[in-house]
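Have a look at the structure below, then the notes.
The values are calculated or read from the model by the stated rules, or taken from the named source; none is laboratory data. Here the structure is a predicted model, which is why all the values come from computation and not from measurement. Neighbour counts run over all protein chains shown; Cβ positions are idealised from the backbone, glycine included. Remember, those area values only see protein heavy atoms, side chains included, never the ligands or the DNA or RNA. Shrake-Rupley method; radii C 1.70, N 1.55, O 1.52, S 1.80 Å.
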Amino acid sequence: GNSVTQMEGPVTLSEEAFLTINCTYTATGYPSLFWYVQYPGEGLQLLLKATKADDKGSNKGFEATYRKETTSFHLEKGSVQVSDSAVYFCALSSGAGSYQLTFGKGTKLSVIP
Amino acid sequence: NAGVTQTPKFQVLKTGQSMTLQCAQDMNHEYMSWYRQDPGMGLRLIHYSVGAGITDQGEVPNGYNVSRSTTEDFPLRLLSAAPSQTSVYFCASSLDYSTVNTEAFFGQGTRLTVV
């Protein structure tokens, strides 16, 4: 079956540091890949997505590239801010007609001034 | 612009009690779903609905019932609460049933404790 593995947290960074949150997946077919973010006290919201190999999703300074050869979708940001403190979830959808998103466990990021 | 609204935000139940978690969306989305989130685990799908009058089971449906009488509402019923159902519950909706390109919108979650 499908599965998503993302790096264990929590991650604590200083403001302006470089962020990488690793995500690897197992899936059949041609999955679409997502990063969702959950800010304190809020629901999950889509951060970025990629629907085919070598696609790069980007939003709010975050980027992730769909690497089929390494089955990875690592999240990166060049300079984090305190406002980026949140829980980040990597997720996949196994393809057209799929009713389910498969989520990783989430990585909590804390950015300190 | 309310989006997806879940009530209540917090609930404590005694073992054996029943209750309904409410979920409503105002975006005219066809697809709605319920997930639970447990410590150290990703979100797991409980039930989903592809439109009014149509529901189906997800990965972990036991102990839960759902119905979808309107496009807007998708309540989740706990029939006889058990401590294993202590979790954070998220309702989500999206424009159609395909998750490939369709963004899912989530509610703020309901934190349920069963004692």
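Remark: B:THR70 falls outside the filter, which requires a residue to be closer than 15 Å to B:PRO39 by Cα, open to solvent by 30 Å² or more (accessible area, probe 1.4 Å), among the polar types (S, T, N, Q) and out of contact with any Pro (no Cβ under 6 Å at 6 or more places or on another chain). Flag: A:LEU46 matches the condition of being of a type in the set (A, V, I, L, M), in a strand (DSSP E or B) and within 10 Å of chain B (Cβ to nearest Cβ). Would you mind telling me which numbered condition in (1) touching a His at 6+ places or on another chain (Cβ under 9 Å); (2) open to solvent by 70 Å² or more (accessible area, probe 1.4 Å) A:ALA64 fails? Unmet condition: (2).
Criterion applied to B:LEU21, B:LEU45 was being aliphatic (A, V, I, L, M), within 12 Å of the chain's Cα centre (by Cα) and within 22 Å of A:GLN6 (Cα to Cα), and the one residue passing it is B:LEU45. Being over 23 Å from B:ARG44 (Cβ atoms), of a type outside the set (A, V, I, L, M, F, W, C) and part of a strand (DSSP E or B) holds for only one residue in A:GLU76, A:GLU69, and it is A:GLU76. Scanning the stretch B:12-60 for residues that are within 21 Å of A:LYS105 (Cβ to Cβ), more than 10 Å from every other protein chain (Cβ to nearest Cβ) and surrounded by fewer than 21 Cβ atoms within 10 Å (Cβ to Cβ) gives a single hit, B:VAL60. Restricting attention to the stretch B:2-11, the residues being free of Cβ contacts under 8 Å to residues at least 40 places away in the same chain and away from chain A (no Cβ under 13 Å) number 0.
Selection of the stretch B:61-115 for residues being of a type in the set (Asp, Glu) and away from chain A (no Cβ under 14 Å) yields B:GLU72, B:ASP73. Tell me yes or no: at least one residue of the stretch A:10-27 is aliphatic (A, V, I, L, M) and under 16 Å from A:LYS105 (Cα atoms). Within the stretch A:10-27 (the criterion being aliphatic (A, V, I, L, M) and under 16 Å from A:LYS105 (Cα atoms)), the answer is yes, since at least one residue qualifies. Restricting the search to the stretch A:1-43, which residues are modelled with pLDDT of 90 or more, within 11 Å of another protein chain (Cβ to nearest Cβ) and exposed (fewer than 15 other Cβ atoms within 10 Å of the Cβ)? Those that are modelled with pLDDT of 90 or more, within 11 Å of another protein chain (Cβ to nearest Cβ) and exposed (fewer than 15 other Cβ atoms within 10 Å of the Cβ): A:SER3, A:TYR39. Based on this model, can you work out whether B:LEU112 counts as in contact with a Pro (Cβ under 8 Å, 6 or more places away or on another chain) and either surrounded by 16 or more Cβ atoms within 10 Å (Cβ to Cβ) or not in a strand (DSSP E or B) (or both)? Considered against the rule, which asks whether it is in contact with a Pro (Cβ under 8 Å, 6 or more places away or on another chain) and either surrounded by 16 or more Cβ atoms within 10 Å (Cβ to Cβ) or not in a strand (DSSP E or B) (or both), B:LEU112 comes out as no. Within the stretch A:49-65, the set of residues being among the aliphatic types (A, V, I, L, M) and part of a loop (DSSP other than H, G, I, E, B) comprises just one member, A:ALA53.
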